[in-house]
Every structure is written in C-alpha cells, then in structure tokens.
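Written out below as structure tokens is the structure these notes cover.
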Amino acid sequence: MYLDENSISDMTMQTTSVPAGTEETSTARYEVIRQVLHNILVQKRIPQGLVLLEGPLAQLFGTSRVPVRRALSLLHDAGLIARFEGRGFIVAQDEQEVEPLRIALTRELLGLDEEQELVDTRSSGEKVLENLQLVLSTAMVFGCYLVNEQKAAQHYNISRSVVRESLMRLRDKGLVEKEPYSQWLTGPLTAREIADHFEIRTSLEPTALRKAGKHLPVDWLESLLDKIRKYKGKQLTTAELDGLEEDLHIRCLEPAGNKLMMQILQQNQSPFIVTRIFYDLLSIPVETAMLEEHCLVYEMLLKGNWELAAACLRDHLERAQARTLQRLKVLSVLPVPELPSFMEPH
C-alpha cells in the first residue's frame, strides 16, 4: 500500500471548518446518497413502482431528511424517479402508469452490504485523526520524521488546533513525541523498541487474561474462532487485521478490570504497526501460524482453562516477537512510501 499525497488527501474532507448541519456538510451527504441511489436505479436493482420516502431513506443512510430530499429531487430531475399522487417518489418514468409498491426500504431490498457505512458521518477531526495515525505509523517504520503542524493544517485544510489535538491523542498511543517548545517527532521504530514493547506485553497480557477469562462470553469466543478460520489463506484488509489483533490483545483483556494496565497496552502499538504495514506493502495472505496461535488461546478459554490460555498467549507473544523483528528487517530494504509534504525527514 503506497501512500502518495493524493491518496492520503482523498481519505479526508477537503473543507472541514464548516460546522455539521451546514450546507456544505449536507452537500457532501446528499451527493453520496444521490450516487448510491443513482447506481441502484440505473442497474435496475429495485422493483418498478417502489415508493421512496424521505423518512425511511434518512434512517437507512443515517442522516437527516434534508440531504435525502435533495438527492431525490436531483434523481427526479434526471428522470430516474417520478412524482405521483401519494407522498414521496416512485420508481418509474414521468407519466408512466405503475402501481405504487409500498414495502419497507431495507438494505437487502436495495442490494446494499449490511455492514457498509453508507454515509460517513464522522467529524472532520475524526477523519484527520484516522489519517494522521495511518501516516505516522507508516513513517515511523522507515525512519525519523518531523511533523510540521502548519503544513499539516494546510494539507487537510483545517486549523492548527485540530491538528495539534489529533497529534496529542496519537502521542497517547505512542505514535509521536513532543518535548516542550519543540516539534513533533515520530520514529524511528527500532528492533530494541519492538523488543521492549513485547517485553511489556508478555509481562502483562497473560496476567490480564487469567483474570478476564471467566468473564468472556462463550458465544463471542466461538464467533472469534469462526472468523479466524475464515481468514486462513486469505489476504486481509487493514481493518480486518487490526480487528484480529484487537480481539485477542485488547478486547479479551478488558474484562480484567485493570484500567491502568489497559492504558499501558493501548500505548504499546508498535508490534501491530509493523504487522499492518508489512501485510499492506507486500499484499500477501496472513500467516497461518499466527492464526493457529490465536485459535489455541480461544480454544483454551472455551474449555475454561485460564492458566493454559494464559500460557498459550505468552507463547504466541514470544513467537510474534520473532516474526515482527523479521518483518522489520524486510521493511528496512523496501523503498520508502511517498508521504505527505508535512512529514519531513529528520
């Protein structure tokens, strides 16, 4: 996954100083809704005569009625839907006699993915935070970089205060550092640092799992096992890979109830960063050995053997450390991906 400046910029909103609910925000949403419905109508994926109402569509897309109303108006102007005697619009041409079909508007009816987020309703700050995390975690694997706040604000077209707030949150995750009156720095991620992070995780995670094991729902653990089995031999997306690691190393440990321990573990993200970048850049299926180790921990938890589950987790972490260090060596000989102009080699 090479990150050029355009692709990174595409992941964020270009105009972010407009408050939610303004015309500009609504414009972005109505255009997304219009495009989704346009594709469905052109491909004739929904029945003729279907009645399209603002309320159900707004609920389906997770927005207010305003952007839905505008999207429907544009689709009518394009001749893809028609007005009729009842409320809303009907899937038909103007003057075409079609019996109105009043049925529930669902994702299944419209042929949409049940898991897909149809309209991104996150704030611009949240989008910038997500993108900065991606940029920083990529850069730190390849060296030491200085983050220029002013250039970052210009790049994302937001205020410096939003950039600074995002960087402060990412500092809590260990992705960037800043001394008083100095600039933000990220990286380099070294073998020594990787070993230190694993030492912390190996010391804390098995203890947390012993305490948390009895609180983990059986049906949830079984669903994790099923998911991992489906992953075998497949190339995973970044979200799937992150979810895989978070299930075992974060969510399984949270019921232990030690907030300070979880805070420390949340700050030790380096092992996951290397794994994510490694698979993104090489575009290869996830290693079966790693999946098998995850499965073994879950199987022991399902058997109620907390001690053995903790031992399996410790073994997994020790093996993962060796794999991560090897991946770091591989990444060190690959070309440095293009980074945004606000990331300056230091």
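The values are calculated or read from the model by the stated rules, or taken from the named source; none is laboratory data. Computed from a predicted structure; not experimentally measured. Every residue, glycine as well, gets a Cβ built from its backbone with ideal geometry; the counts of neighbours run over all protein chains shown.
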Looking at this structure, is ASP120 part of a loop (DSSP other than H, G, I, E, B), surrounded by fewer than 19 Cβ atoms within 10 Å (Cβ to Cβ), touching a strand residue (DSSP E or B) at 6+ places or on another chain (Cβ under 8 Å) and modelled with pLDDT under 80?
no
Residue hits (region 244-278; of a type in the set (Lys, Arg) and crowded, with 16+ Cβ neighbours inside 10 Å) are ARG276
Matching residues, region 41-50, being crowded, with 17+ Cβ neighbours inside 10 Å and modelled with pLDDT under 85
ILE46
Those residues that are assigned to a helix (DSSP H, G or I), touching a residue at least 24 places away in the same chain (Cβ under 8 Å) and either in contact with a Lys or Arg (Cβ under 7 Å, 6 or more places away or on another chain) or more than 17 Å from ARG251 (Cβ to Cβ) (or both), I need them from region 300-316; list them, please.
TRP306, GLU307, ALA310, ALA311, ARG314
Tally up the residues in region 207-233 that are surrounded by 12 or more Cβ atoms within 10 Å (Cβ to Cβ) and among the basic types (Lys, Arg), please.
4
Consider only pairs whose beta carbons are under 6 Å apart and that are at least six residues apart or on different chains; among these, list those whose first residue lies in region 187-209 and is at positive phi and whose second residue is of a type in the set (Phe, Trp, Tyr).
GLY187/TYR145
Taking only pairs six or more apart or across chains, which ones have beta-carbon atoms under 9 Å, a first residue in region 51-62 that is over 15 Å from VAL91 (Cα atoms) and part of a strand (DSSP E or B), and a second residue that is modelled with pLDDT under 80 and not acidic (Asp, Glu)?
none
Output the number of residues of region 317-338 satisfying the condition of being more than 16 Å from ARG276 (Cβ to Cβ) and outside any helix (DSSP H, G or I).
4
Residue check for GLN96: assigned to a loop (DSSP other than H, G, I, E, B), under 15 Å from LEU50 (Cβ atoms) and at pLDDT below 85
yes
Looking only at region 262-276, how many residues end up being part of a helix (DSSP H, G or I) and in contact with a Lys or Arg (Cβ under 8 Å, 6 or more places away or on another chain)?
6
